[in-house]
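Below: the structure, in structure tokens.
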Amino acid sequence: MTEYIPYGRQSINDADITAVIEVLRSDFLTQGPAIEAFENEICRVTGARYAVALSNATAGLHLACMALDVGVGDIVWTSPNTFVASANCARYCGAGVDFIDIEPDTGNISIAALRQKLQLAERENRLPKLLIPVHFSGRSCDMQALSELALQYGFSLVEDAAHAIGARHQGVSVGACRYSRATVFSFHPVKIVTTGEGGVVTTNDEALYRRLLRLRSHGITRNPAEMTDPPEGAWVYQQLELGFNYRMTDIQAALGLSQLQRLSDFIQKRKVLVARYRTALADCAVQLPRADADADSAWHLFVIRVAAERRKAIFDFLRQNQIGVNVHYMPVYWQPYYIQLGFGRGLCPQSELYYQQAISLPLYSDLTTDQQDHVIALLQSIL
Ligand SMILES: *Cc1c(COP(=O)(O)O)cnc(C)c1O
């Protein structure tokens, strides 16, 4: 029997397990010291001033939209080549959503397509309040170019960096928020670093940070300076707005803190595997991701593109051989929920073509070279 090789999976070592056990033996399972230690480490890794740990990245996207006052009547733009959460967060706030087509060789939103759509939207008085670029596969979008357009057209930027912890762009760590209001990371087990479920928002904006902290916990503050009246006693807390319970547990934060010590090792291993895929597949009938960001991408995904007519046969063959290949992503607006909102085929032709050709190959730090060679041999045999 051949073993199943998934497209992504977590790497848990003894240090990770020990870190979790220590929390289990401690006084706090949630809202204890591990959260702050984890948030501080996220700040150190990204270079951001503030970090807010959350139950997952979807919660982070939701709270970032809320904290930027996205609401009914507003429009949020994002990439169609993403997980549904990048668009759903705007819908939670009652805002409308629209999608910008992608660059075919990176899967990130196309600056040219964005510029064109902005010119049209300006004429029609439908400019977005917020743009959520997605750093697809771990490779950063050109945030500097996006920020110039954001300034020109007056919209905010929140980075969906669910794929991109540890990535850099033009020498700056993703999450530093040099060009954005906030950045959101995911710690789901298929992502680069895991907390089981988990997410974090980074920002350099103190007011935004305080608002995110409040919204994470029901809209409640215990800080007298934020209260409407001086508190009657030390027991008083005030709910200032309608928030959520989006907290991360200390059990998760301790796992995350331990995992972050391994981040550069994780990414180094992913880069080695990517280089091996590139060499092995150089002469095959596949299109590989553009190579110019190899050193800077965090390499969450390695997506090859094959002829659309052959994609299903190749995918099925690999699955039949216990290779857990996947497809990232069907354009979000092809989901029935978004079709009901009025979206249809043809909106983003590059994204639609990408979807029809894409296959995500197994890529994770514990993937052995033997396992990878097995994937490559199967792929070469069908190509
Ligand atoms: C995984 C993912 C999310 C959601 O992350 P969760 O932590 O599962 O909520 C959002 N955006 C992208 C691009 C993702 O890949």
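Counting DSSP beta bridges with both partners in the stretch 5-260, what percentage is antiparallel, nearest 5?
Working: 16 of 29 bridges.
Rounded to the nearest five, the antiparallel share is 55 percent.
Note down the relative contact order for the stretch 263-382 as a percent, whole number, built from C-alpha pairs under 8 angstrom at least six residues apart.
This gives 36 percent for the stretch 263-382.
Please give, to one decimal in nm, the separation of the simple spin-label points placed at PHE317 and ARG222, each 7 Å out from Cα toward the Cβ.
Each label point is offset 7 Å from its Cα along the Cβ direction, giving 6.0 nm.
Taking LYS191 as the anchor, which lysines have their alpha carbon closer than 18 Å to its alpha carbon, excluding any fewer than eight residues away along the same chain?
Cross-link targets: LYS269, LYS271.
When only DSSP loop residues count, what chymotrypsin sites (Phe, Trp or Tyr not before Pro) in the stretch 1-106 have their Cβ near at most 15 other Cβ atoms within 10 Å?
Values: sites: TYR4, TYR7, PHE28, PHE38, TYR50, TRP77, PHE83, TYR92, PHE99; in loops: TYR4, TYR7, PHE28, PHE83.
Of the chymotrypsin sites (Phe, Trp or Tyr not before Pro), the ones in loops of the stretch 1-106 whose Cβ has at most 15 other Cβ atoms within 10 Å are TYR4, PHE28.
Relative contact order (percent) for the chain, with alpha-carbon contacts under 8 angstrom and 6 or more residues of separation? Working shown, then result.
Values: 785 pairs, mean separation 88.9, N = 383.
It comes to 23 percent, rounded to a whole number.
For the chain, with the dipole built from +1 on Lys and Arg beta-carbon atoms and -1 on Asp and Glu ones, taken about the Cα centre, which of VAL172, ASN125, VAL84 lies farthest toward the positive end?
Selected residue: ASN125.
What is the stretch 84-155's relative contact order, in percent, from Cα pairs under 8 angstrom and six or more apart in sequence?
Over the stretch 84-155, the number comes to 27 percent.
Can you tell me the 0 to 90 degree angle between the C-alpha axis of helix 206-216 and the longest principal axis of the chain, rounded to 10?
Its long axis makes an angle of about 80 degrees.
Taking the alpha-carbon centroid of each part, what is the distance from the stretch 21-63 to the stretch 148-162 in angstrom?
25 Å
So if I take the centroid of the Cα atoms in the stretch 322-345 and the same for the stretch 259-274, what is the distance between those two points in Å?
The two parts, judged by their Cα centres, are 30 Å apart.
Please find the FRET efficiency linking GLN261 to LEU24, where r is the Cβ-Cβ separation and R0 is fixed at 25 Å, and quote it to the nearest 0.05.
Once the sixth-power term is evaluated, E becomes 0.80.
Identify the chymotrypsin sites (Phe, Trp or Tyr not before Pro) of the stretch 209-246 meeting these criteria: DSSP loop state and at most 15 other C-beta atoms within 10 Å of the C-beta.
Those satisfying the criteria are TRP235, TYR237.
Stretched out fully, how many nm does the piece from GLN239 to GLN116 gain, at 0.36 nm a residue minus the Cα gap?
40.0 nm
Round to the nearest 10 and give me the degree value, 0 to 90, for the angle of helix 308-320's Cα axis relative to the longest principal axis of the chain.
Computed tilt is about 80 degrees.
On a straight-distance basis, which lysines could pair with LYS117 in a cross-link, Cα separation under 20 angstrom, same-chain partners fewer than 8 positions away excluded?
LYS129
If I build a Gaussian network model for the chain, linking alpha-carbon pairs within less than 10 angstrom, which residue out of ILE132, ILE267, ILE21 has the largest mean-square fluctuation?
Residue with maximal mean-square fluctuation among ILE132, ILE267, ILE21: ILE21.
Readers should treat all values here as calculations from the given coordinates under stated rules, not as data from a laboratory. Nothing here was measured: the structure is a model prediction, and the numbers come from that model. No Cβ is skipped: glycine too gets one built from the backbone with ideal geometry, and neighbour counts run over all protein chains shown.
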